[in-house]
């Protein structure tokens, strides 16, 4: 009887570990990967057209993808799903981020830029719900 209970506990632990490992690997693509698709690339680049005073590291990312990407994730904003991406300044990540919300498929995008843990600006004219979601990502 004790052997059967031990086996059941062991199996339960294995199943829970497998689910945890699998969940951790289910992250979405990195921004640089999505930007290889024309729709995402066009929408992303459109955020920065005619924008002044863009930080040098962000210009570097826009031009040659020189930045530190993190895997994307799905976020609910209101009743709608969005893809959230984040990139940070190489060798200076803490507080120096660009977070981007894309509509699934990449047809529209909005972004928030932080420097030294301060929100400096939004790109793409996000509505209040989108702003709140971007601010939430920046404050995590």
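The values are calculated or read from the model by the stated rules, or taken from the named source; none is laboratory data. All values derive from a computational prediction rather than experimental measurement. With ideal geometry, Cβ positions are generated from the backbone for all residues, glycine too; neighbour counts draw on all protein chains shown.
Listed values, structure above:
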item	result
Residue match in the stretch 69-76 (condition: more than 12 Å from the chain's Cα centre (by Cα) and buried (at least 20 other Cβ atoms within 10 Å of the Cβ))	no
Any hit, the stretch 56-63, residues being under 20 Å from residue 137 (Cα atoms) and in a loop (DSSP other than H, G, I, E, B)	no
Per-region count, the stretch 122-140, residues closer than 18 Å to residue 44 by Cα, out of contact with any helix residue (DSSP H, G or I) (no Cβ under 7 Å at 6 or more places or on another chain), surrounded by 13 or more Cβ atoms within 10 Å (Cβ to Cβ) and without any contact (Cβ under 8 Å) to a residue 24 or more places away in the chain	1
Output for the stretch 90-112, where each listed residue is buried (at least 16 other Cβ atoms within 10 Å of the Cβ) and more than 19 Å from residue 34 (Cα to Cα)	96
Residue identified as touching a strand residue (DSSP E or B) at 6+ places or on another chain (Cβ under 6 Å), modelled with pLDDT under 95 and within 23 Å of residue 36 (Cα to Cα) among 124, 67	67
